[in-house]
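Each reported figure results from applying straightforward, stated rules to the coordinates on display, with no laboratory input. All values reported here derive from a predicted model rather than from experimental measurement. Positions of Cβ are generated from backbone atoms using ideal geometry, with glycine treated the same way; all protein chains shown enter the neighbour counts.
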Amino acid sequence: MTKILVIAEHFDGEILSATSKTVNCASQISESIDILVLGDDSAVASQATTIDAVSNVLSISNEAFGYPVSSIMAPVVAEISSEYDYILLPSSTFGKDLAPRISAILDVNQVTDIMSVEEPRIFKRPIYAGNAIQTIKIAEGKKVLGTVRTASFKELGNSNSANLIETEMPSVNIPSHTRFIKIESEKTERPDLQVASIVISGGRGVGSAENFELLYQLADKLGASVGASRAAVDAGFVPNDMQVGQTGKIIAPDLYFAIGISGAIQHIAGIKDAGTIVAVNKDADAPIFEIADIGIVADLFEFIPQLTSKLD
Amino acid sequence: MEKILVCIKRVIDYNVKIRVKPDESGVVTEGVKMSINPFDEIALEEALRIKENGDAVEVVIVSIGPDDSQQQLRTGLAMGADRAILIKHDGEIEPLTVAKALSEIVEDENPGLIMMGKQAIDDDSSQTGQILAQLCDIPQATFASKVSIQEEKATVVREIDQGLETLEIDLPAIITTDLRLNEPRYVKLPDIMKAKKKVLDVIESGELKTDFSSSIEVINVTPPPPRESGVMVNDVEELVVALKEKGLLS
Ligand SMILES: Cc1cc2nc3c(=O)[nH]c(=O)nc-3n(C[C@H](O)[C@H](O)[C@H](O)COP(=O)(O)OP(=O)(O)OC[C@H]3O[C@@H](n4cnc5c(N)ncnc54)[C@H](O)[C@@H]3O)c2cc1C
């Protein structure tokens with residue numbers, strides 16, 4: 001049977017939902033799915049055993065994996081993958097950074113951003129920021145290496161108890177040329193952008209970091225996450241990890257609010273899979289209205305307080 | 001360091017509305033404005049700033065693509081690059097192949113730093129820099145939003161999904177650039193004139209050792225499925241009703 005190895009993404013001791021979504025993609029190819037977890041202890045690996053459709057969770061614990069560094073992980077993944085036909089990673093910054101190094105070691109072409117599995121070797125993927133869709137086929141007999149566009153796949157259930165297999169660190173050369181210094185992430189109580197069922201995004205029209213408070217208040221009423229356009233991030237209203245779009249996060253909430261966002265193709269690229277898009281803009285000709293499911297021409301400084309108070 | 005190598009791709013300009021060819025063989029490029037991939041332009045700008053800061057002596061740019069890529073290389077020379085190399089090749093090329101071809105240039109040029117965009121806005125693959133780093137067995141710092149060079153190493157702030165990560169890497173290394181790293185300069189007319197006299201070497205892809213075949217076949221390229229057309233509402237009241245009808249608000 002076709003054997004698939006999914007590389008787990010975890011952060012701060014938590015397996016991220018991107019891992020489960022990648023397994024979902026894998027489950028459309030074969031029933032033999034293992035997850036590889038590289039970490040500094042096996043606690044994270046045990047979380048992965050609950051993900052449905054997984055057979056085995058291979059856990060390699062080593063202090064070298066205290067923080068994910070691709071040049072350290074790639075040779076290990078390449079070594080472990082020798083027994084597998086497919087290697088899949090989430091198409092997050094983690095997977096995008098790591099997968100190509102595996103491509104180089106194994107000398108196999110990589111497919112970025114798999115959005116659907118047509119046949120085991122035929123995939124669809126977005127190009128030109130999602131303005132065109134490419135269908136590609138990987139030659140028979142070749143190992144398949146791909147990253148999975150997580151917005152295209154739902155998270156699987158958590159009722160499994162897969163085997164946890166403590167695996168020896170293979171004897172590969174661990175480079176010392178890359179040193180992790182620090183990570184700055186804003187802690188927030190709000191749901192993660194990638195997971196939230198409602199996302200409220202603000203653009204340049206919001207005008208300042210202080211004004212984003214309006215969006216946070218609305219978001220808290222709805223249990224929503226808050227995102228932003230690139231212009232809002234560049235202007236310093238919000239941190240970079242809130243950016244939605246071609247070069248930010250690709251998300252698929254049930255409900256998306258684009259507030260004071262004009263609707264540049266690079267922004268739209270991040271919300272193509274949203275269920276319902278609501279656009280709020282004071283310019284009736286803003287391109288965002290062309291793709292919105294529900295549009296309202298309004299000044300956001302009047303609109304947001306009105307909606308927020310309606311939800312009381 | 002002696003030299004920075006910057007890799008540049010010719011792509012459809014980011015302002016152009018993409019149209020898929022009726023025969024589904026690809027997207028329309030005839031008569032369409034072409035530019036340097038915006039992320040690569042940022043990489044070049046950063047390399048020029050590093051040189052202007054006295055941390056590098058020469059900036060060499062390289063592109064793989066059709067003969068017309070000379071236009072983008074000339075633009076790069078006008079921005080301030082010292083010399084350009086074109087590996088001439090028609091047709092689609094997979095990132096693995098591009099990286100292999102680039103690794104031959106790296107071997108010849110022996111740069112202290114290699115820079116390129118974090119992705120090309122045509123195929124959005126985001127692979128070439130990382131593959132090249134592994135082929136050359138050197139460190140990588142992708143998605144860079146801040147770069148500082150110290151003698152034998154670089155400190156790079158990276159934009160990752162969880163926030164801003166700082167890595168320290170030994171040189172030589174590869175840095176791929178994100179949008180917020182800098183704002184590229186505008187080229188001025190005298191610079192365009194000067195650029196015409198700069199060296200632009202053309203190498204035929206066949207002269208390289210790299211095999212340009214691929215194990216990935218493109219079956220077709222289609223437009224994305226259209227979204228159903230939406231409705232306009234007049235006020236918050238109507239919006240709330242519409243959302244409740246869809247079961248999105250309780
Ligand atoms: C290679 C590349 C990649 C990119 N990647 C991304 C990406 O990932 N994500 C992204 O978002 N962008 C990205 N961009 C940038 C993108 O092209 C746009 O510049 C950006 O999305 C614009 O953000 P905006 O809509 O907030 O700002 P603007 O285009 O300035 O729009 C502001 C909008 O706010 C409205 N407005 C102003 N005041 C009010 C008010 N009081 N009430 C209501 N409405 C108001 C205006 O009518 C206007 O429509 C990328 C660009 C490039 C070149």
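General remarks:
- Positive-end ranking of B:Q140, B:I12, B:I105 along the dipole of chain B, with charges on Cβ about the Cα centre, is headed by B:I12.
- Summed over all non-identical Cα pairs, the Kirkwood treatment of region B:142-232 gives a radius of 19.0 Å.
- If you take the Cα centroid of region A:1-65 and the Cα centroid of region A:227-285, the two points sit 30 Å apart.
- Sorting A:L164, A:L89 from the fewest to the most surrounding beta carbons within 10 angstrom yields A:L164, A:L89.
- Region A:87-132 and region B:130-166: distance between their alpha carbon centers, rounded to Å: 21 Å
- Dividing the mean sequence gap of close Cα pairs (under 8 Å, 6+ apart) by how many residues chain A holds gives a relative contact order of 14 percent.
- Positive-end extreme of charge dipole, region A:62-188 - chosen from A:A64, A:A132, A:L88 (charges on Cβ): A:A132
- Phi angles across region A:16-28 convert, under the Karplus curve 6.51 cos²θ - 1.76 cosθ + 1.60 with θ = phi - 60°, into 3J(HN,Hα) values of 8, 4, 4, 5, 5, 5, 5, 5, 4, 4, 4, 5, 8 Hz, Gly and Pro given as x.
- Given +1 at the Cβ of Lys and Arg, -1 at the Cβ of Asp and Glu and no other charges, the dipole of chain A around its Cα centre is 720 debye to the nearest 20.
- In order through region B:176-185: 3J(HN,Hα) via Karplus (6.51 cos²θ - 1.76 cosθ + 1.60), integer Hz, x for Gly, Pro: 10, 9, 9, 5, 7, 4, 6, 10, x, 6
- Shielding of peptide A:155-162 by partners, expressed as the average count of other chain Cβ atoms within 10 Å per residue Cβ, is 0.
- Kirkwood-type radius of region A:3-166, with distances r between different C-alpha atoms, in Å: 15.6 Å
- If only the Cβ of Lys and Arg carry +1 and only the Cβ of Asp and Glu carry -1, the dipole of region A:246-312 around its Cα centre is close to 200 debye.
- For the residues of A:84-94, the average number of beta carbons from a partner chain within 10 Å of their own beta carbon is 2.
- Kirkwood radius, chain A, all distinct C-alpha pairs, inverse of mean reciprocal distance: 20.6 Å.
- Applied to region A:160-172, the Karplus parametrisation 6.51 cos²θ - 1.76 cosθ + 1.60 on θ = phi - 60° returns per-residue 3J(HN,Hα) values of 8, 9, 6, 5, 9, 10, 5, 10, 5, 5, x, 7, 10 Hz, with x for Gly and Pro.
- Cα-based convex hull volume of the protein assembly as shown per residue, rounded to whole Å³: 154 Å³
- A convex hull fitted around the alpha carbon atoms of region B:78-143 yields 120 Å³ per residue.
- The charge dipole of the protein assembly as shown, taken about the Cα centre with unit charges on the Cβ atoms of Lys, Arg (+1) and Asp, Glu (-1), comes to about 1040 debye, rounded to the nearest 20.
- Within the protein assembly as shown, helix-based [θ] at 222 nm, where runs of 4 or more DSSP H residues each add -39,500 (n - 2.57), nearest 500: -7500 deg cm²/dmol
- Among A:Q28, A:Q194, A:Q110: highest mean-square fluctuation, GNM of chain A, C-alpha pairs under 10 Å: A:Q28
- In percent, rounded to a whole number, the relative contact order of region B:1-136 is 34, using alpha-carbon pairs under 8 Å and six or more apart.
- Here the convex hull built on the C-alpha positions of region A:198-311 has a volume of 85 cubic angstrom per residue.
- Shielding by partners for peptide A:178-191, expressed as the average number of C-beta atoms from other protein chains within 10 Å of each residue's C-beta, is 4.
- Among B:10-16, A:130-136, the order from most to least packed when residues are scored by Cβ within 10 Å on average: A:130-136, B:10-16
- Proportion of all alpha-carbon pairs of region A:1-89 beyond 16 Å (%): 47 percent
- Note on the protein assembly as shown: antiparallel DSSP beta bridges, both residues inside, total approximately 35 percent of the bridges counted.
- Taking every C-alpha pair closer than 8 Å and separated by at least 6 residues, the mean separation divided by the residue count of region A:198-311 gives a relative contact order of 25 percent.
- Once Rg and the Kirkwood radius are both taken over the C-alpha atoms of region B:3-222, their ratio Rg/Rh works out to 0.95.
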